[in-house]
Every structure is written in structure tokens, then in C-alpha cells.
1. Suppose the filter is in contact (Cβ under 8 Å) with a residue 24 or more places away in the chain, exposed (fewer than 13 other Cβ atoms within 10 Å of the Cβ), more than 16 Å from the ligand (Cβ to nearest atom) and of a type outside the set (Phe, Trp, Tyr); does residue 257 pass it?
2. Look at the range 81-120 and say how many of its residues are farther than 27 Å from residue 42 by Cβ, free of Cβ contacts under 8 Å to residues at least 60 places away in the same chain and not β-branched (Val, Ile, Thr).
3. Can you name the residue in the range 137-148 that is more than 12 Å from the ligand (Cβ to nearest atom) and part of a helix (DSSP H, G or I) and is also surrounded by the fewest Cβ atoms within 10 Å (Cβ to Cβ) among such residues?
4. For the range 183-199, give me each residue that is away from the ligand (no atom under 14 Å from the Cβ) and β-branched (Val, Ile, Thr).
5. Quick one: in the range 180-204, of everything that is assigned to a helix (DSSP H, G or I) and touching a Lys or Arg at 6+ places or on another chain (Cβ under 9 Å), which residue is nearest to residue 282 (Cα to Cα)?
6. Could we say that residue 244 is modelled with pLDDT of 95 or more, surrounded by 13 or more Cβ atoms within 10 Å (Cβ to Cβ), closer than 24 Å to residue 162 by Cβ and not polar (S, T, N, Q) here?
7. Within the range 149-179, count every residue that is more than 11 Å from the ligand (Cβ to nearest atom) and in contact with a Lys or Arg (Cβ under 8 Å, 6 or more places away or on another chain).
8. Return the residue satisfying two criteria in turn: it lies in the range 215-238 and is outside any helix (DSSP H, G or I) and either surrounded by 13 or more Cβ atoms within 10 Å (Cβ to Cβ) or of a type in the set (A, V, I, L, M, F, W, C) (or both), and of such residues it is modelled with the lowest pLDDT.
Amino acid sequence: MQIFNDINSLSDYVAECKRQNIILGLVPTMGALHDGHLSLVQKAKENCAKVIVSIFVNPAQFAAGEDLEKYPRQKEEDLEKLLSIGADVVFCPSASDMYLADHATNFVLTGPAMGLESDFRPHFFASVALIVTKLFMLTKADIAVFGEKDYQQLMVVKKLVSDLNIGIKIINAPILREEDGLAMSSRNVYLSEKPRKIAPILYKILMHIVEQRAKIKEMADFDKLLATAKQELLRAGFKKIDYLTIRDAKTLQNVPQLLKNRQRLLVAAHLDGVRLLDNVAI
Ligand code: AMP
């Protein structure tokens with residue numbers, strides 16, 4: 001496994017792969033890797049000849065007051081995990097390498113970037129889109145794997161690739177969960193013991209709503225179900241629910257009625273100072 005800490009060494013590697021017509025895959029991450037990330041690497045390996053994993057905690061994605069400083073960083077463990085799963089390259093650029101002092105370009109996004117996460121983290125997707133585009137250009141990857149864990153991000157990236165005619169195929173990877181159902185996340189380590197036991201209720205409630213789906217015909221009845229589910233989360237110990245909503249699975253717009261296999265149920269909720277995200281097909 002090769003480790004590149006700067007853009008030039010990555011570019012030399014990529015140029016050589018391109019000369020040899022090697023199909024390249026990319027898995028962008030912020031490190032603190034868990035099995036969910038490793039499942040993305042595995043999926044990439046099934047779809048390309050060489051897998052590049054990037055580890056970059058993108059400072060621009062974090063608003064003031066968010067957890068940039070305390071975001072878990074564990075490079076040695078990450079490298080060991082990536083070696084064991086058979087990643088070919090790890091790209092760990094510095095912030096100053098990715099953002100030169102005179103950096104002057106940003107994105108304005110609409111479509112699936114509107115609402116949900118953007119209501120609470122207004123600059124988030126523009127920063128994601130920028131860094132992901134840079135990674136696509138630098139790695140010249142043929143495919144990239146993104147997790148459904150960050151479902152809105154996945155749709156934003158797909159739209160970005162299609163709108164800008166970037167020649168890369170975006171592959172979805174399903175959410176990997178702990179045994180109790182909690183979606184794996186680098187931020188789960190922030191949960192103290194008692195809230196960690198409460199956290200799986202989030203997924204249980206999503207699954208309960210999915211089970212009720214067949215019985216419910218009107219959107220108004222769904223709204224009642226969602227309102228009850230929010231109350232249950234608050235009763236269980238969640239402090240604030242940013243959203244619990246059903247959206248079109250592709251556009252992430254509100255839906256007037258439910259169609260078969262066309263919606264996504266998404267939630268963001270605060271527990272013990274941690275913002276947990278989850279989603280399921282509905
Ligand atoms: P992050 O390091 O949190 O930026 O995540 C990097 C990639 O891993 C993103 O595409 C995430 O959607 C994906 N990911 C994070 N957690 C999971 C999970 N539990 N299952 C599948 N993919 C995940």
C-alpha cells in the first residue's frame with residue numbers, strides 16, 4: 001500500500017496508472033475509519049483495479065462551533081485497517097495543499113442540496129462538492145464509492161457529476177450498522193454509555209414507520225405517524241430533532257403521495273450533544 005501526503009506524488013502515481021489503462025476507484029473519507037468505510041473500500045475493489053482512499057478532514061465543511069478540533073483522528077489505526085482490507089493507495093493531503101492561500105472558487109448548489117442538512121449546515125454541501133470535485137480531478141478516478149449513510153450527500157454528488165459532465169461513476173454502498181441497529185459513524189465515539197444504549201431507537205423508529213407504510217394511504221396519516229415518532233424520540237432522551245421526513249429518493253423534494261420504491265425516510269436528531277443521521281428506503 002502506498003501512502004501519499006501531497007498532491008504531486010499522487011499525480012505521478014495517477015499518471016502512471018493512466019498510461020497503463022488501470023481502472024481507478026476512489027473512496028473519499030475523513031478518517032477515523034470503521035467497518036462502514038471499509039465496506040466502501042471492498043465495494044470499490046469489486047469495481048476497479050486499484051483503490052485510492054482519501055483521508056482528509058475538510059475544515060471548510062465545519063461551521064464555527066462544530067467539532068473540527070475534536071473530530072477523531074487516528075491515522076495509524078486507519079492505515080492498518082486499510083492495509084488489511086487491501087487498499088492500494090491512501091491519499092492524506094494537508095489543508096494547505098488542498099486550499100492554497102489564494103483559493104477563490106466555490107460552488108452554489110440547488111436541487112437535492114436544498115433543505116434537510118442545508119437548513120442546519122448551510123455551507124456544508126458547497127464545501128463537500130468542492131473537495132469531492134478536487135479529489136475527482138486529482139485522482140482521475142473512473143469510479144467513486146459513497147455511503148448511503150450520508151444519503152443527501154450521495155444525491156448531491158450524483159447531481160454534481162451529472163451537471164458538470166464529470167466522467168466518473170458514482171456507486172452507492174448500503175449503510176453498515178452495529179448489531180443493535182445504530183448506523184456506524186465516526187462520531188458514535190462521542191456518545192457516553194447511557195445515550196449509546198438509547199441511540200439504536202433511532203433506527204427502530206425508522207423501521208416502525210416503514211412497517212406501517214402498507215397500512216397508510218394518505219400523506220396526512222403519515223404526517224401524524226411522523227409527529228408521534230418525533231415525540232417518542234424526545235421521550236427516549238433525544239434532545240432535538242432537526243428533521244424526520246419522507247422525501248423523493250432522488251430529488252429529495254417533498255412528495256405529494258407515496259409511490260412504490262421511490263421515497264427515502266430521513267432523520268437527523270441530537271442525542272448527548274451528538275447529531276445522529278440515519279435513513280431508510282420507504
Ligand atoms: P466520512 O468519513 O464520515 O466522511 O464518510 C466517508 C464515506 O463513508 C461517506 O461516503 C459515508 O457515507 C460513508 N459511510 C460512513 N458511515 C457509513 C456506514 N455506516 N455505512 C456505509 N457507509 C458509511
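The values are calculated or read from the model by the stated rules, or taken from the named source; none is laboratory data. In this text the structure is predicted, and so the values were computed from the model without any measurement. With ideal geometry, Cβ positions are generated from the backbone for all residues, glycine too; neighbour counts draw on all protein chains shown.
1. yes
2. The number of residues fulfilling the criteria is 13.
3. Of the range 137-148, the ones more than 12 Å from the ligand (Cβ to nearest atom) are 137-143.
Checking which are part of a helix (DSSP H, G or I) leaves us with 137-139.
Values: 137: 11, 138: 18, 139: 24.
By that ranking, first place goes to 137.
4. 198
5. Step one: of the range 180-204, the residues assigned to a helix (DSSP H, G or I) are 186-190, 193-198, 201-204.
Of the ones still in play, those that are also touching a Lys or Arg at 6+ places or on another chain (Cβ under 9 Å) are 187-188, 190, 203.
Numbers: 187: 26, 188: 25, 190: 29, 203: 13 Å.
In this case the residue turns out to be 203.
6. Spelling it out, it is not the case that residue 244 is modelled with pLDDT of 95 or more, surrounded by 13 or more Cβ atoms within 10 Å (Cβ to Cβ), closer than 24 Å to residue 162 by Cβ and not polar (S, T, N, Q).
7. Kept after step one, since they are more than 11 Å from the ligand (Cβ to nearest atom), are these residues of the range 149-179: 155-156, 158-169, 179.
Okay, now just the ones that are also in contact with a Lys or Arg (Cβ under 8 Å, 6 or more places away or on another chain), so 155.
Adding up the residues that qualify gives 1.
8. Only one residue fits best here, namely 216.
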